[in-house]
Structures are given as C-alpha cells and as structure tokens.
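Before any comments, here is the structure.
The values are calculated or read from the model by the stated rules, or taken from the named source; none is laboratory data. All of these numbers come straight from a predicted model, not from anything done at the bench. Note: ideal-geometry Cβ built from the backbone for every residue, glycine included; neighbour counts use all protein chains shown. The area values use the complete protein model at the heavy-atom level, side chains included, leaving out ligands, DNA and RNA. Shrake-Rupley method; radii C 1.70, N 1.55, O 1.52, S 1.80 Å.
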Amino acid sequence: MIVIDGKGLAKKIKEELKLEVDAIRSAGGKIPHLAAVLVGEDPASQVYVRNKVRSCEQCGFGSTLHRLPAEATEADVLELVDQLNRNQEIDGFIVQLPLPKHINEEKVTLAIDPKKDVDGFHPVNIGRMTLGLPCYLPATPNGIMEMLSRYEIETNGKEVVVLGRSNIVGTPMSVLLSRKGNPGNATVTICHSRTKDLEAHTRRADILIAAIGIPEMVTADMVKEGAVVIDVGINRVDDDSRERGYRLAGDVDFAGLKNKVSAMTPVPGGVGPMTVVSLLMNTLKASKGIV
Ligand code: L34
C-alpha cells in the first residue's frame with residue numbers, strides 16, 4: 001500500500017511557491033499577502049490558522065492574523081471584512097470557520113469580495129467553479145485534486161464515492177471530480193446520512209473520499225480490494241494516554257484498511273497540509289490578479 005504523503009507533498013509545493021515568490025521579489029512585483037480572521041478560541045481552528053500563517057512565512061508570503069474575541073459581534077466581523085475588502089495590500093483573506101453561534105456564517109461569507117475570497121466559499125466562486133470558469137477553488141477539494149494529480153492516480157472513468165455533502169468538501173469535491181478534465185471525468189456518487197445501504201455504494205468505489213466527521217467509521221468490510229482512500233476527517237478522540245488528552249483520528253480505520261487498499265492518506269499528515277498549501281496557491285493567484 002502506498003501512503004499518500006500529504007505533508008511531504010505540501011512541503012515540496014511550498015518550496016515551489018517560495019521559488020516563485022523569490023522571482024517576483026527580484027522582479028519588483030507584488031508579494032502575495034494573505035490575511036486570516038480568527039474569532040474566538042476554538043482549539044482546532046487555532047492550530048489550523050497557525051499552520052496557515054506559518055506556511056505563508058515559509059514561502060515568503062506576507063500574512064496578517066486578525067484575532068477577535070469570542071464575544072465579538074456580527075457587526076464587528078463584518079466591519080473587519082469590509083476593511084480587508086478595501087485594503088489594497090491584502091490580496092486575499094479568509095474568515096476561519098466555524099464562527100461562534102451568534103454570528104451568521106452565510107452573511108459573513110457573502111460580505112467577502114469574491115476577488116479576495118481565496119477560500120472559494122462565496123457563491124460567485126462556487127458558481128464559477130460549477131461552470132468551469134476561472135475562480136478560486138475551495139482549499140480542501142483543490143488540495144485533494146492536486147494530490148491525485150501529483151500521485152498520478154487515474155480518475156478518468158473511475159467510480160468515485162464521496163461520503164459527506166458539506167459545502168466546503170463533499171459538494172465541491174463531487175463537482176471537480178465529475179467535470180471534464182484531469183483529474184476529473186469520474187462517475188461520482190455522493191453519500192450522506194440518508195443514504196440507504198451505504199456499504200453497497202462504498203464497496204463499488206475505485207476511489208473513496210471520506211468527509212463525514214465520524215472517527216474511523218470507514219472499516220475494511222466497506223471498501224473494495226485495491227481502492228484508493230482519501231481521508232478528510234480530522235477528529236479529536238479522547239485519549240488519556242496522551243499528554244494533551246486526545247489523539248487525532250480520521251474518518252477511516254487506517255490500520256484496518258492498510259492491507260486491503262492500494263493507496264491511502266494518513267491523518268494527520270494527509271489532506272490537512274494540502275488544504276493549507278492550496279490556500280497559498282489561491283493567494284498567489286490573487287496577487288497576480290488571475291481571478
Ligand atoms: N474558512 N474555515 C475556512 N477555510 C478553511 O479552509 C477551513 N478549513 C477546515 C475548517 N475550517 C475552515 C481548514 O483550514 C479544515 N481546515 C484545516 C486546515 C489545516 C489542517 C486541517 C484542517 C491541518 O493543518 N492539519 C494537520 C495538522 C492537524 C493538527 O495537528 O490538529 C494535519 O496533518 O492534518
């Protein structure tokens with residue numbers, strides 16, 4: 001079995017991005033600058049945003065982190081979004097999700113200028129993606145596309161099953177893999193909480209993408225011999241034997257599947273680092289004014 005090394009691949013792509021930024025700097029061009037908005041103290045979000053800021057530094061990008069307290073109002077967040085929309089130095093920015101419950105995520109997403117929406121969450125970008133027009137692709141699905149492409153995993157004509165229909169992973173993933181292109185041209189099935197006989201679908205999959213947020217729910221009996229498995233889940237499972245009190249688990253039972261599948265992403269070190277790097281790729285595009 002091949003372990004798809006998202007962390008190693010992300011490192012390689014960051015080196016490529018750094019070379020490109022160095023060249024831009026030598027030529028006196030605009031250095032890409034990403035801003036991130038983090039509201040509250042969600043522990044996982046803090047880790048993810050820290051990884052984003054650190055990756056910017058590694059590639060020579062500019063970055064600005066705006067932290068707001070958990071009690072910040074919706075108006076406070078919208079005011080900051082408005083400032084970032086107008087700030088010429090900032091090429092792209094993200095508002096890390098989830099937001100505290102009293103803030104409407106949809107309203108915040110809609111307030112972001114689509115040209116600076118490097119998360120690709122604004123309806124304009126989602127619509128453009130669906131039509132195959134130039135746009136910012138959402139980071140996690142785009143990171144997975146990049147991973148499939150660089151590992152030369154054939155998708156053309158393959159049966160792909162996506163578990164989960166979220167706006168940020170499952171739904172855009174199904175669009176990207178079914179559209180004409182490479183990777184792409186797959187026959188895609190989306191499964192979710194109302195799917196009947198889930199196993200019947202997953203056992204048919206040449207490529208299985210799990211993005212449901214239930215720790216280790218994909219077990220060996222659910223997959224086909226030789227399948228490629230992409231694990232998007234990052235679940236914190238209580239574990240008293242660890243100093244920090246938890247361990248990270250994917251949506252897939254990695255140990256149970258490893259003798260059955262042909263390739264699989266680990267958690268951590270799989271899809272997560274690719275999500276971060278694909279955000280940087282979008283920010284570079286933004287700084288060049290490509291979208
Ligand atoms: N706005 N909100 C917005 N944009 C995003 O693209 C995200 N996402 C998801 C959650 N909310 C968002 C992320 O940034 C998930 N996500 C994300 C980012 C980074 C990592 C995982 C998820 C990551 O770096 N994972 C590492 C380490 C994980 C850890 O140590 O906890 C990994 O190896 O998987």
Check: Here is a list of conditions, (1) within 16 Å of the ligand (Cβ to nearest atom); (2) open to solvent by 10 Å² or more (accessible area, probe 1.4 Å); (3) in contact with a strand residue (DSSP E or B) (Cβ under 6 Å, 6 or more places away or on another chain), and His201 meets all of them except one; can you say which number that is?
Finding: (1)
Check: Say we look at region 125-167 and pick out the residues that are among the aliphatic types (A, V, I, L, M) and open to solvent by 70 Å² or more (accessible area, probe 1.4 Å); which of these is farthest from Val218 (Cα to Cα)?
Finding: Leu133
Note to self: Anything in region 50-97 that is in contact (Cβ under 8 Å) with a residue 24 or more places away in the chain, out of contact with any strand residue (DSSP E or B) (no Cβ under 9 Å at 6 or more places or on another chain), over 15 Å from Val277 (Cα atoms) and of a type outside the set (Asp, Glu)? List them, or say none.
What the structure shows: Thr73, Leu78, Leu97
Margin query: For region 1-13: of the residues being part of a helix (DSSP H, G or I) and open to solvent by less than 40 Å² (accessible area, probe 1.4 Å), which is farthest from the ligand (Cβ to nearest atom)?
Written below: Ile13
Next item on the list: Please go through region 97-106 and pick out each residue that is over 21 Å from His33 (Cα atoms) and within 14 Å of the ligand (Cβ to nearest atom).
Entry: Pro98, Leu99, Pro100, Ile103, Glu105, Glu106
Note to self: Contact list please: Cβ distance under 6 Å, first residue in region 202-228 and on the phi > 0 side of the Ramachandran plot, second residue in a loop (DSSP other than H, G, I, E, B) and not charged (D, E, K, R), pairs at least six apart or on different chains.
What the structure shows: Gly213/Gly233; Gly226/Ser262
Next item on the list: For residues that are in contact with a helix residue (DSSP H, G or I) (Cβ under 8 Å, 6 or more places away or on another chain), in a loop (DSSP other than H, G, I, E, B) and either under 17 Å from Phe61 (Cα atoms) or near the ligand (Cβ under 10 Å from one of its atoms) (or both), tally how many sit in region 261-291.
Entry: 6
Note to self: Given the criterion open to solvent by less than 60 Å² (accessible area, probe 1.4 Å), at pLDDT 95 or above, touching a Phe, Trp or Tyr at 6+ places or on another chain (Cβ under 9 Å) and in a strand (DSSP E or B), identify the matching residue among Val81, Val37.
What the structure shows: Val37
Margin query: Pairs please, first residue from region 10-34 and modelled with pLDDT under 95, second anywhere and loosely packed, with under 15 Cβ neighbours inside 10 Å, Cβ atoms under 6 Å, 6+ apart in sequence or on different chains.
Written below: none
Next item on the list: Give me the pairs, please: first residue somewhere in region 115-144 and within 11 Å of the ligand (Cβ to nearest atom), second residue anywhere and of a type in the set (Ser, Thr, Tyr) and open to solvent by less than 10 Å² (accessible area, probe 1.4 Å), beta-carbon distance under 6 Å, and either six or more positions apart or on two chains.
Entry: Asp117/Tyr136; Val118/Tyr136; Val118/Thr283; Gly120/Tyr136; Ala139/Ser278; Asn142/Ser278; Gly143/Ser278
Check: Looking only at residues in region 40-59 that are surrounded by fewer than 17 Cβ atoms within 10 Å (Cβ to Cβ) and away from the ligand (no atom under 12 Å from the Cβ), which one is nearest to Gln88 (Cα to Cα)?
Finding: Glu57
Notebook entry, point to check: Mind checking which residues of region 84-98 are outside any helix (DSSP H, G or I) and surrounded by 13 or more Cβ atoms within 10 Å (Cβ to Cβ)?
Noted result: Asn87, Ile90, Asp91, Gly92, Phe93, Ile94, Val95, Gln96, Leu97
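Restricting attention to region 56-95, report how many residues are in contact with a Leu (Cβ under 9 Å, 6 or more places away or on another chain), of a type in the set (Gly, Ala, Ser) and more than 21 Å from Gly289 (Cα to Cα).
1
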Margin query: What are the pairs with Cβ atoms under 6 angstrom where one residue, in region 263-291, is more than 10 Å from Ala10 (Cβ to Cβ) and open to solvent by 10 Å² or more (accessible area, probe 1.4 Å) and the other, located anywhere, is small (Gly, Ala, Ser) and modelled with pLDDT of 95 or more? Sequence gap at least six, or different chains.
Written below: Val267/Gly250; Ala286/Gly92
Check: Considering only residues of region 204-221 that are of a type in the set (A, V, I, L, M, F, W, C) and open to solvent by 10 Å² or more (accessible area, probe 1.4 Å), which is farthest from Asp42 (Cα to Cα)?
Finding: Ala220
